[in-house]
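Here is the structure we will look at, set down as structure tokens.
The values are calculated or read from the model by the stated rules, or taken from the named source; none is laboratory data. Keep in mind that this is a model prediction, so the values were computed, not measured. Note that each Cβ is placed from the backbone with ideal geometry, even for glycine, and that neighbours are counted across all protein chains shown. Quick note on the areas: whole protein, heavy atoms, side chains included, nothing else; ligands and nucleic acids left out. Shrake-Rupley method; radii C 1.70, N 1.55, O 1.52, S 1.80 Å.
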Amino acid sequence: MHSSVSAVGLGLDAERATESAPERSRGGFGRLLRSELRLVLGRRRTQLLVLLLALVPVLVGTVVRVTRDSAYAGQGPGFIDRVSGNGLFLVVTALFLCLPLLLPLGVSIAAADAVAGEASAGTLRYLLVVPVGRGRLLLAKAIAALTLVVVAVALVTLVALLTGGIYFGFGDLDLLSGQTVGAGAGLARMLGVAAFVALSLTGLLAVGLFFSTLTEVPIGVIAATVVVSIVSNVLDSLPQLAAIHPYLLTHHWFDFAEFLRAEVSWSLLAQGMGVQAAWVVIFGSLAWARFTTADITS
């Protein structure tokens, strides 16, 4: 009798252990993700990078403010001639200036720190003792890196709105197609621009994460990721390669201008998101395959 009761007790303990294993795994992933977010957002170099990005709309807005009554008024990159008439355009101008190089640089740093940075510091192997599989560990790092990108874009947008409002004020927004929408609708379109820019960087982030799983040298990941975006831009500028342009990583980056037209081409925006999704799937899968099978000793 005593032995049968003990067997039942052991069976119940085993069942409870089996049931609690997924809960521990989920709890471990949540703790790991929170730890990754604190680490990524707490690094001094990433904070400095985000701060420098946030200074771009301040610098542009100040230059436009100082020179708007001079011979240089209206001169410069796209959209800058409209900033003095409506502060909302400072959002588009700042993101337009950051997108070719500064934002990709931020993405490359986030990707490099995710895996290669940990391996270089010798801390990656200690993360593997966390009760979370390697696939989930990589997912947590990807989410943390993406969060940094979203924070950077959001901060640039917020600072641009504040600077534009203080310097030039907000009013009805004159669209590129000639129509005019109210300030509220204009603000919504600027938020759409920011969201599209952030999502447009997901493909490059996946590429960077893949490179990050191949080496323990973060600077190599940064250089390789930035080079990929530059090469994509160069190829996109060659009319002889028009057949591959729609599939290039950077081809749809500036399609955010659709938000400045009376009739937004959602199909065109969807194409851009589809290209990013394809790059994420391909290079995310490569990163997962590499990370989950590599012999990690550092």
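Consider ALA183 against the criteria (1) small (Gly, Ala, Ser); (2) under 17 Å from CYS98 (Cβ atoms); (3) at pLDDT below 95: it satisfies all of them except one. Which criterion is unmet?
Only one criterion in (1) small (Gly, Ala, Ser); (2) under 17 Å from CYS98 (Cβ atoms); (3) at pLDDT below 95 is unmet by ALA183, namely (2).
Open to solvent by less than 60 Å² (accessible area, probe 1.4 Å) and over 26 Å from ARG125 (Cα atoms): is that true of VAL207 in this structure?
no
Modelled with pLDDT of 90 or more and not acidic (Asp, Glu): is that true of LEU52 in this structure?
Judged against the criteria, LEU52 is a match.
Quickly run through the range 94-138 and pick out the residues that are without any contact (Cβ under 8 Å) to a residue 60 or more places away in the chain, open to solvent by 10 Å² or more (accessible area, probe 1.4 Å) and of a type in the set (A, V, I, L, M, F, W, C).
LEU97, LEU102, ALA121, VAL129
Being touching a residue at least 12 places away in the same chain (Cβ under 8 Å) and under 21 Å from VAL92 (Cα atoms) is true for just one of PHE256, PHE291, PHE283. Which residue is that?
PHE256
Give all pairs with beta carbons closer than 7 Å in which a residue from the range 204-225 that is within 9 Å of ALA111 (Cβ to Cβ) meets a residue that is hydroxyl-bearing (Ser, Thr, Tyr) and in a loop (DSSP other than H, G, I, E, B); count only pairs at least 6 apart in sequence or on separate chains.
VAL221/THR215
Is it the case, given these coordinates, that LEU162 is over 11 Å from the mean Cα position of the chain (by Cα), without any contact (Cβ under 8 Å) to a residue 12 or more places away in the chain and not in a loop (DSSP other than H, G, I, E, B)?
It is true that LEU162 is over 11 Å from the mean Cα position of the chain (by Cα), without any contact (Cβ under 8 Å) to a residue 12 or more places away in the chain and not in a loop (DSSP other than H, G, I, E, B).
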